[in-house]
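A short write-up of the structure that comes next.
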Amino acid sequence: MRLREEVRSLLEHADAVLAPAPGPGLPDLDRTFTAQVSDLLLANLAAPLTERVRAQAPRAVLVFLPESIEGTPALRQGTVDLELGVLDHLDPETRTEALTSVPLVAVARADHPLFDGPVDARRFAAADHIGISRQGKRHGPIDAALARQGLRRRVAAVVPSHTAALLMARTGDLVCLTLDGWLPEALTALGLRTFPIPVATPPIEIGMAWHPRHSSDRGHQWFRDQVRTTVRQNSPARR
């Protein structure tokens with residue numbers, strides 16, 4: 001029982017090494033790829049990634065799973081082929097690759113009272129905010145940056161997804177966060193407006209992670225290529 005996972009990994013690695021390399025266009029690749037992606041990344045990347053895969057491997061299927069399985073041994077157990085997003089809480093053997101870095105911006109409805117004047121740190125902190133955390137965390141790097149200026153913001157609500165936060169922000173006086181340049185048409189349609197966060201905050205580092213048993217798997221290598229290209233082509237930081 002103790003050796004089961006190790007033996008399984010060795011056998012899968014052997015299959016990958018001995019498998020023939022997929023040909024150009026991969027028209028015969030009949031395979032399902034499962035990726036764990038946050039809702040905000042999914043909203044921007046699912047369509048172009050699916051179109052890339054369909055164009056080259058029309059028989060391949062993509063399955064997207066939510067962040068609720070993050071921090072679990074899903075990659076090790078084979079439930080997930082690839083994790084895409086902010087990479088933390090990974091198993092020590094997991095392979096990772098950095099893909100892009102995107103700054104954060106603040107979001108509020110277009111007629112929010114904040115926009116009646118310059119949005120400085122004090123006025124930003126005085127507004128009520130929406131926190132985004134699957135664990136219910138209320139504080140993060142922005143709070144630390146505000147504290148260094150002797151300021152403190154009030155988080156009026158915490159939601160588990162960016163989508164829920166944006167929908168809340170469109171109907172009230174609450175402020176939330178999103179990625180800079182991400183889904184501008186959708187934000188406009190929702191009546192939302194982005195603005196720079198008036199304190200220094202680190203950008204969001206987006207990468208992909210996979211179990212080492214897939215490192216030599218030709219099909220998985222091809223899938224990682226599609227993810228890498230899609231992220232970099234659709235990341236505002238790369239435009």
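Heavy-atom accessible surface of the chain, averaged per residue, reaches 53 Å², computed with a 1.4 Å probe.
Rolling a 1.4 Å probe over the protein heavy atoms leaves Arg109 with an accessible area of roughly 40 Å². Accessible surface of Leu75, taken over heavy atoms with a 1.4 Å probe and every protein chain present, rounds to 10 Å².
How many percent of the accessible area of the stretch 136-196 is carbon or sulfur, using a 1.4 Å probe? The partial results should precede the final answer.
Details: 1870 of 3380 Å².
For the stretch 136-196, the apolar C and S fraction of the accessible surface comes to 55 percent.
Per-residue SASA remark: Arg232, around 80 Å² accessible (1.4 Å probe; ligands, DNA and RNA not included). Along the stretch 95-110 the Karplus relation, 6.51 cos²θ - 1.76 cosθ + 1.60 evaluated at θ = phi - 60°, assigns HN-Hα couplings of 8, 9, 8, 6, 10, 6, 10, 10, x, 8, 10, 8, 9, 8, 4, 4 Hz to successive residues, with x for each Gly and Pro. Ranking Gly78, Ala110, Thr188 by Cα position along the charge dipole of the chain, where only Lys, Arg, Asp and Glu carry charges on their C-beta atoms, puts Ala110 farthest toward the positive end. Judged by the mean number of other Cβ atoms found within 10 Å, the most tightly packed of the peptides 162-168, 33-39 leads the ranking 33-39, 162-168.
Can you give the extra length, in nm with one decimal, that the chain gains between Ser101 and Ala164 once fully stretched, where that is 0.36 nm per residue apart less the Cα-Cα distance? Show your work: numbers first, answer last.
Numbers: separation 63, 0.36 × 63 = 22.68 nm, distance 2.31 nm.
Length gained, Ser101 through Ala164: 20.4 nm.
Each Lys and Arg adds +1 at its Cβ and each Asp and Glu adds -1 at its Cβ; summed about the Cα centre, the chain shows a dipole of about 420 debye.
The values are calculated or read from the model by the stated rules, or taken from the named source; none is laboratory data. None of these values were measured; they are calculated from a predicted model. Don't worry about glycine lacking a Cβ; one is built from the backbone with ideal geometry, like all the others, and counts go over all protein chains shown. All accessible areas refer to the heavy atoms of the entire protein, side chains included, with ligands and DNA or RNA removed. Shrake-Rupley method; radii C 1.70, N 1.55, O 1.52, S 1.80 Å.
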